[in-house]
Amino acid sequence: MAKDHGPTGESPDIHEFFGKDPVEADRAFFGRKTYSDRRGFLKGTGLATMAAMLGANIPFHRNMPGGLIPAAFASEDVLVGKDGLTLLNDRPVNAETPPHLLDDAITPTARHFIRNNGIPPENVDAGTWTLTIDGLVDNPMTYSIADLKSKFEVVTTALAIECGGNGRAFFNPPAKGNQWTYGAVACSEWTGVRLKDVLNAGGVKSNVVYTAHVGADTHLSGDPDKLPISRGVPIAKAMTDNILIAFAQNGGNLHPNNGAPLRLVVPGWPGSCSQKWLKRIYLRDVVHDGPKMTGKAYRRPNRRVEPGEKVETEDFVIIERMPVKSLITNPMNGATGGRSVEVRGHAWSGDRTVSVVDISYDFGATWMKAELDAPVNDGAWQNFRANVELPQAGYYEIWARATDSAGVMQPHAIDWNPKGYLNNTMHRVALRVS
Ligand SMILES: Nc1nc2c(c(=O)[nH]1)N[C@H]1C(S)=C(S)[C@@H](COP(=O)(O)O)O[C@H]1N2
Ligand SMILES: [Mo]
């Protein structure tokens, strides 16, 4: 990237500039007074500087939406420490993992997807980080990470996190939001303490209904009084065994974009419940109404709707468990190979287990049972494999479908909803036998 001067004459790097002071960066480049002012456009010094940084004029600069960072700059620097992820958006950072890179039983930290709603905190120090538990508890407490480790049982478990919007890219009519295809899912090994132990130590009052989670990230507007996201779960869910307050990922530090140094991991429910950069959990006697809990965010219609149907906000309900789903991680979509193929992948169903994974290579006319492992622990995804012998050279599709412990099978077609959540249609990969 060109190390030129930004509009203030002191910012050599556009990400640094937007990262430090997004409002000022927008004003300088786009002439916008507030982040929500979408009419701003590049002009004057902002335009000249942007053009200098790009090394070219921008003929259609008047069409550039305010705040847009040119794709020419949307480079790997926001994906430091990640391996092979596809960047969907760089402000905030959203990146998914191609399915074939999710082949491991335990997802390496470098391949765990990133879903940010705001700007992560910078220069975090695990040594001074604190977590406050308050609201409707008998004894409000503030813990350091060392306190958590010494006061509570430390456990290591494999826990699957899937974004509620994973698969959104396939909705028709399309749904606004990050166009996740398959890779907003991962199953790292997390080390931490149980949420329920920490809540119990605080003494949960009898009128508690919901948890409320607060992280240290900043709202995109830069407004310190606004949270980018604050979600919660019903207290009964919070008291289950497999929810962790995690301080290690795969035996090492959490990746800075995955919530370092402390995060919640709520397996089986929308990833948004798993607050990153966790600073505070407060208990409430009402359903939590923080940012991204209300309206249409992480909510779905309370009934089946037709594709494109308009749904009133009051007809939306909070998404709880994620539905039964599977992902083929081998072969890679579009691969060419011989007639013998080991099909591999993972399957999961929030708060349930998967009982069967079926594989088809003849467009669903016949199905064979894959070998399916039990979850390594409650909350982990399950690995499957099947040896497939393809009859002759040609084009094939490998399809996988999971059925869960309640007998629910993945559908062929999307159950459409306005915000594009919960797409659990069967995964298909193309394969050519030469
Ligand atoms: N503080 C904070 N926590 C957050 C988010 C966020 O933007 N800020 N995004 C949530 C969403 S929508 C998802 S899907 C998961 C993704 O976790 P990951 O980025 O570690 O993969 O984090 C959740 N926790
Ligand atoms: Mo998400």
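The values are calculated or read from the model by the stated rules, or taken from the named source; none is laboratory data. Since the structure is predicted, the reported quantities are computational estimates derived from the model, not experimental observations. Quick reminder, even Gly has a Cβ in these numbers, built from the backbone with ideal geometry, and neighbours come from all protein chains shown. Ligands, DNA and RNA are stripped out before the accessible areas are found, and what is left, the full protein with its side chains, is counted by its heavy atoms. Shrake-Rupley method; radii C 1.70, N 1.55, O 1.52, S 1.80 Å.
Out of every Cα-Cα pair that segment 163-313 contains, those further apart than 20 angstrom amount to 55 percent.
Surface composition of segment 325-433: carbon plus sulfur atoms contribute 49% of the solvent-accessible area (1.4 Å probe, protein chains only, all chains present).
Per residue, segment 115-318 exposes 40 Å² of accessible surface when a 1.4 Å probe is rolled over the protein heavy atoms with every protein chain present. Extending 7 Å from the Cα toward the beta-carbon at both D373 and N207 defines two label points whose distance is 4.8 nm. Here each label is just a point 7 Å from Cα along the line to Cβ, and for D104 and E309 those points are 4.3 nm apart. For the chain, modelled as a GNM whose springs connect Cα atoms under 10 angstrom apart, the maximal fluctuation among K151, K325, K82 occurs at K151. In angstrom, the C-alpha Rg and Dmax of the chain are 22.9, 69. On a straight-distance basis, which aspartates and glutamates could pair with K276 in a cross-link, Cα separation under 15 angstrom, same-chain partners fewer than 8 positions away excluded? Those aspartates and glutamates meeting the cut-off are E122, D125, E162, D217.
Accessible surface area normalised per residue over segment 325-433 is 43 Å², counting heavy atoms of protein chains with a 1.4 Å rolling probe.
Taking 7 Å steps out from each Cα toward its Cβ at T156 and T132 produces label points 3.3 nm apart.
Build a GNM of the chain with springs between Cα atoms under 10 Å apart, and of M50, M293, M322 the one that fluctuates most is M50. For segment 45-59, backbone phi angles converted through the Karplus equation (6.51, -1.76, 1.60; θ = phi - 60°) give residue-by-residue couplings of 4, x, 5, 4, 5, 4, 4, 5, 5, 7, x, 6, 6, 10, x Hz, Gly and Pro being listed as x. The H on the amide N of H346, modeled in the peptide plane, is under 5 Å from the matching H of L327, T329, F384, each at least 5 residues off or on a different chain. Evaluating 6.51 cos²θ - 1.76 cosθ + 1.60 at θ = phi - 60° for every residue in segment 139-152, the Karplus couplings come out as 10, x, 9, 10, 10, 7, 5, 4, 4, 4, 5, 8, 8, 10 Hz, glycine and proline recorded as x. Whole-Hz Karplus values for segment 280-296 come out as 7, 10, 10, 9, 10, 9, 9, 4, 4, 10, x, x, 6, 9, 10, x, 9 Hz, taken residue by residue from phi with 6.51 cos²θ - 1.76 cosθ + 1.60 and θ = phi - 60°; glycine and proline positions read x. Taking each DSSP H run with n ≥ 4 as -39500 (n - 2.57) and averaging over every residue of the chain yields -3000 deg cm²/dmol at 222 nm. Taking chymotrypsin sites (Phe, Trp or Tyr not before Pro) in DSSP loop states with no more than 12 other Cβ atoms inside 10 Å as exposed sites, the chain has its longest site-free stretch at 61-362.
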